[in-house]
Amino acid sequence: MTTSDAQPRLHILADTEHFLVIDKPPGVCMHFQDGDKPILPMLESLGYANLHLVHRLDTATSGLLLLAKT
């Protein structure tokens, strides 16, 4: 899924009743910093609301990110 031309591409790997797994690309931040749009607002713009970070990855780090729905 793509958030917009200006935003990195987010790949949703699993979308269940209780959790969401995404492949976070490098350059996506976890929290507001330097005017960047963090991961939760990016996902909200795709229709995923009320997600909770289970863990964090550094902005420069890519990898799987688990977000809880419940």
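The values are calculated or read from the model by the stated rules, or taken from the named source; none is laboratory data. In this text the structure is predicted, and so the values were computed from the model without any measurement. When we count neighbours, we look across all protein chains shown, and the Cβ atoms used for this are built from the backbone with ideal geometry, even at glycine. We work out accessible area using only protein heavy atoms, side chains counted, and drop any ligands, DNA or RNA first. Shrake-Rupley method; radii C 1.70, N 1.55, O 1.52, S 1.80 Å.
Could you list, in sequence order, the residues of the stretch 24-39 that are closer than 14 Å to Arg9 by Cα and either surrounded by 15 or more Cβ atoms within 10 Å (Cβ to Cβ) or over 10 Å from the mean Cα position of the chain (by Cα) (or both)?
Result: Lys24, Pro26, Gly27, Val28, Cys29, Lys37, Pro38, Ile39.
What is the residue count in the stretch 28-51 for residues that are of a type in the set (Gly, Ala, Ser) and at pLDDT below 90?
Filtering the stretch 28-51 down to residues of a type in the set (Gly, Ala, Ser) leaves 35, 45, 47, 49.
With the extra rule that they be at pLDDT below 90, the set shrinks to 35.
Result for the stretch 28-51: 1.
For the stretch 57-70, give me each residue that is at pLDDT 95 or above and open to solvent by 80 Å² or more (accessible area, probe 1.4 Å).
The answer is Leu64, and nothing else.
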